[in-house]
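Student: A single structure is presented below for examination.
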Amino acid sequence: MYMCAAREASAGLVADDLAASAGPRRLFHGLSLRVGAGEALAVVGASGAGKSTLLRCLARLQEPEHGRVTLDGRSAESFGLPTYRRRVVYVAQRAVMQAGTIEENLAFAFRFASATSAYPREEAARLLDALGLAVDPATVAARCSEGERQRVALIRALLLQPQILLLDEPTSGLDGATVTRVEAELRARQSGGMGLVLVSHDPLQVSRVATRTLSLGVHDA
Amino acid sequence: MHELGAKPLGLEDVAWSSALVVFAGVVSVALRLDLERRLAVAASRMVVQLFAVGYVLTYVFAIERAWLVAAALLGMTIAAGRSAVHRSQRKYQGVQLDAFVTLLCTGTLTTAFVTQGIIQIEPWYNPRYVIPLLGMVFGNALTGISLCLDHLLESLDERRDRIEMALSLGATAWEACRQPLRESVRRGMIPTINTMTVAGIVSLPGMMTGQILAGSPPLIAVAYQVVVMFMLSAACALGCMIAALLVHRRLFTDLHQLNAAAIVRRD
């Protein structure tokens with residue numbers, strides 16, 4: 001149904017013949033895509049079309065009803081799901097914070113058994129600055145604004161140096177100047193080889209960031 | 001005094017004591033509390049239930065067969081499992097079985113430790129010891145387990161975003177729900193710890209009171225009560241841990257995914 005890759009290579013994130021439903025309503029079926037190094041795929045469509053569900057299936061936080069997702073030709077199970085999810089990192093639309101400070105939130109993922117490196121404090125400081133987050137890292141995260149929490153969630157994901165980043169409307173609560181900063185950082189990461197899957201309702205952002213677009217339609221029950 | 005120490009009470013004595021609950025009913029009428037009907041139903045149920053148990057225990061004690069004791073224990077475990085689940089605001093498919101398994105393991109291990117290891121009863125199934133001790137274990141473990149279940153299911157249901165955030169950053173299922181698990185076990189254990197803290201100060205525990213009324217020297221009653229309190233604390237800790245682990249096993253997949261949709265709120 002949808003085919004977003006002309007190449008046959010198995011490198012990068014590949015979804016093959018995915019199908020998912022929400023209750024009796026079919027969200028998508030026969031969906032195939034590929035996101036390689038440095039590519040940015042924008043996923044667009046009306047609310048309820050299944051964009052977030054697609055990202056969750058790609059992150060293997062939920063199972064598609066049909067189809068298969070691989071990274072560099074390997075299943076998530078072969079990596080181990082925690083390791084896979086450190087390489088294919090999903091950032092939800094609503095920025096969820098752990099109890100504690102901004103710094104504790106940024107260091108959160110480096111406490112897990114799947115962590116292979118220590119918390120990169122200097123890189124975190126650089127990203128806070130690059131994304132215009134002029135707040136003390138000792139600030140309690142729950143007291144931050146929605147826009148600040150969105151950027152903390154994005155930095156938390158970027159610190160993992162993901163091979164593929166799955167972003168669900170990452171700039172919906174941000175002003176124009178901050179959106180520019182976020183997009184600049186994403187472009188820099190893409191130049192370094194990171195693949196990006198971006199859900200966005202902003203056509204201008206899609207045209208600025210994406211190298212390809214996948215449009216999901218709304219299906220009847 | 002009776003040779004065992006306690007004066008045997010007849011039905012006449014019990015009938016006279018009902019004046020006390022009638023007094024409570026009069027208070028309800030006088031103050032328009034609208035509780036007299038519920039009080040009457042509760043008191044009647046209690047009398048019927050306890051006399052029924054009394055007759056069953058008299059029969060079991062008289063026969064003293066292992067299979068009969070085992071059947072009574074199994075019946076108690078099933079009833080306790082149902083009660084633990086019905087107190088919880090949320091449920092999931094299989095919660096009844098999990099509660100039964102939890103109580104079976106908890107009751108068996110703690111009661112066996114006390115009856116075989118400490119009191120060393122003969123025969124091993126002596127119903128005069130096994131049935132009341134298991135009853136006490138269930139009475140306390142039930143409260144702990146239902147509190148633990150309730151809190152854990154509420155946490156997994158309402159904090160699913162936070163748990164999935166941790167999973168999406170590379171946490172294992174265990175790492176993602178460690179905090180709710182820990183809080184739930186803690187919540188389940190607090191009532192037992194509180195009971196131990198005030199035992200003998202605010203009130204004399206029921207078992208000790210019963211033994212003293214039955215003519216036991218107070219220090220022997222105290223020793224039994226201490227053993228029982230230790231048993232109850234272990235039962236509560238073990239029960240909460242097993243319940244939490246079974247919930248974890250049911251609601252997380254092998255792929256470290258949270259199946260929060262399996263949690264259903266009671267109407």
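Student: Can you give me the distance in nm between label points at B:Phe230 and B:Ile121, each placed 7 Å from the Cα along the Cα-to-Cβ direction?
Tutor: 1.8 nm
Student: Based only on the alpha carbon positions, what is the Kirkwood hydrodynamic radius of segment B:88-241, in angstrom? Intermediate values should be presented prior to the final figure.
Tutor: Details: mean 1/r = 0.0582 Å⁻¹.
17.2 Å is the Kirkwood radius here.
Student: Another question about this same structure. List the accessible area buried at the contact between B and A, summed over both sides and calculated with a 1.4 Å probe, in Å² to the nearest 100. Write out the running numbers ahead of the final one.
Tutor: Values: alone 16310 and 10120 Å², together 24680 Å².
Its buried surface, counting both partners, is about 1800 Å².
Student: Translational D (Stokes-Einstein, µm²/s) of chain B at 4 °C and 1.567 mPa s when Rh comes from the Kirkwood sum over C-alpha pairs? Kindly include the intermediate steps, with their values, before the conclusion.
Tutor: Working: Rh = 21.1 Å.
Answer, rounded: 61 µm²/s.
Student: Same structure, new question: Calculate, in whole percent, how much of the Cα-Cα pair population of segment B:46-91 lies beyond 15 Å. Each step should come with its number before you reach the end.
Tutor: Working: 601 of 1035 pairs.
So the pairs more than 15 Å apart make up 58 percent of the total in segment B:46-91.
Student: Post the alpha-carbon centroid distance, segment A:128-198 to segment A:69-89, in whole angstrom.
Tutor: 23 Å
Student: Can you give the accessible area of B:His151, probe radius 1.4 Å, in Å² rounded to 10?
Tutor: Taking all protein chains as shown, B:His151 has close to 20 Å².
Student: While we're here: Need the full-extension length gain, A:Ala177 to A:Ser75, defined as separation in residues times 0.36 nm minus the C-alpha distance. One decimal, nm.
Tutor: On the way: separation 102, 0.36 × 102 = 36.72 nm, distance 3.90 nm.
Additional length available on full extension: 32.8 nm.
Student: Of all beta bridges DSSP finds with both residues in the protein assembly as shown, what is the antiparallel percent, to the nearest 5?
Tutor: Looking only at bridges with both residues in the protein assembly as shown, the antiparallel portion is about 45 percent.
Student: What percentage of all Cα-Cα pairs in segment A:49-152 are separated by more than 18 Å?
Tutor: Details: 3078 of 5356 pairs.
For segment A:49-152, the fraction of Cα-Cα distances above 18 Å is 57 percent.
Student: Under a 1.4 Å probe, what is the accessible area of segment A:120-190 per residue, stated in Å²? The partial results should precede the final answer.
Tutor: On the way: 2930 Å² over 71 residues.
Value returned for segment A:120-190: 41 Å² of accessible area per residue.
Student: Relative to the compact globular guide of 2.2 N^0.38 Å, what is the alpha carbon radius of gyration of chain A, as a ratio?
Tutor: Details: Rg = 17.0 Å, N = 221, 2.2 N^0.38 = 17.1 Å.
For chain A, the normalised Cα radius of gyration is 0.99.
Student: Hey, what did chain A get for relative contact order, percent, Cα under 8 Å, at least 6 apart?
Tutor: 33 percent
Student: Using the Cα atoms of segment B:1-82 to build a convex hull, what is its mean projected area in square nanometres?
Tutor: Values: hull surface 32.6 nm².
Computing the convex hull of the Cα atoms and averaging its projections yields 8.2 nm².
Student: Still on this structure, please answer the following. With N denoting the number of residues in the protein assembly as shown, provide Rg(C-alpha) divided by 2.2 N^0.38 Å, to two decimal places.
Tutor: Values: Rg = 30.6 Å, N = 488, 2.2 N^0.38 = 23.1 Å.
Rg over 2.2 N^0.38 Å, computed on Cα atoms: 1.32.
Student: Moving to a separate point now. For segment B:45-174, with equal point scatterers placed on the C-alpha atoms only and solvent neglected, what are the log10 I(q)/I(0) values from the Debye formula at q = 0.13, 0.18, 0.19 1/Å, to two decimals?
Tutor: Results for segment B:45-174 at q = 0.13, 0.18, 0.19 Å⁻¹ read -0.65, -1.01, -1.08.
Student: Then there's this: Can you tell me which of A:Ala11, A:Ala46, A:Ala124 moves the most in a GNM of chain A? Springs connect C-alpha atoms under 10 Å apart.
Tutor: A:Ala46
Student: I'd like the antiparallel share, as a percent to the nearest 5, of DSSP beta bridges with both residues in chain A.
Tutor: Values: 15 of 35 bridges.
Bridges in chain A that DSSP calls antiparallel: roughly 45 percent.
Student: How compact and how long is segment B:166-255, expressed as Rg and Dmax of its alpha-carbon atoms in Å?
Tutor: 19.1, 64
Student: Where is the GNM fluctuation largest for chain A (alpha-carbon springs, 10 angstrom cutoff): A:Arg87, A:Arg25, A:Arg74?
Tutor: Comparing A:Arg87, A:Arg25, A:Arg74 in the GNM, the peak value goes to A:Arg25.
Student: Roughly what percent of Cα-Cα pairs across segment A:174-213 reach past 12 Å? Mind showing how you got there, number by number?
Tutor: Details: 471 of 780 pairs.
Result: 60 percent of Cα pairs exceed 12 Å.
Student: Kindly report, to the nearest 10 Å², the accessible surface of B:Ile220 as traced by a 1.4 Å probe over protein heavy atoms only.
Tutor: We get 80 Å² for B:Ile220.
Student: Looking only at Cα atoms, what is the convex hull volume of segment A:18-80 per residue, in Å³? Could the numbers behind the result be given before it?
Tutor: On the way: hull volume 5.8 nm³, N = 63.
Roughly 92 Å³ of hull volume per residue.
Student: Over 10 Å intervals from 0, what percent of Cα-Cα pairs in segment A:131-221 sits in each interval?
Tutor: P(r) for segment A:131-221, in whole percents per bin: 14, 47, 29, 9, 1.
Student: Keeping the other protein chains in place, figure out the carbon and sulfur percent of the accessible area of segment B:1-154, with a 1.4 Å probe. Walk me through the numbers on the way to the answer.
Tutor: Details: 6440 of 9660 Å².
Reported share for carbon and sulfur atoms: 67 percent.
Student: State the percentage of accessible surface on chain A attributable to carbon and sulfur atoms; use a 1.4 Å probe and exclude ligands, DNA and RNA. Numbers along the way, then the final one.
Tutor: Details: 4690 of 9320 Å².
With neighbouring chains kept in place, the figure for chain A is 50 percent.
Student: Among B:Val227, B:Val60, B:Val22, which one shows the biggest mean-square fluctuation in a GNM of chain B, springs joining Cα atoms closer than 10 Å?
Tutor: Sorting by GNM fluctuation, first place goes to B:Val22.
Student: Now, a different point. Could you state the angle between the C-alpha long axis of helix A:176-191 and the longest principal axis of the C-alpha atoms of chain A, as a value from 0 to 90 degrees rounded to the nearest 10?
Tutor: It is inclined by approximately 70 degrees.
The values are calculated or read from the model by the stated rules, or taken from the named source; none is laboratory data. Quick caveat: nothing in here was measured; it's all calculated off a predicted structure. We place every Cβ from the backbone using ideal geometry, glycine too, and count neighbours over all the protein chains shown. The protein model used for the area step is the full one, side chains on, heavy atoms only, and it has no ligands, DNA or RNA in it. Shrake-Rupley method; radii C 1.70, N 1.55, O 1.52, S 1.80 Å.
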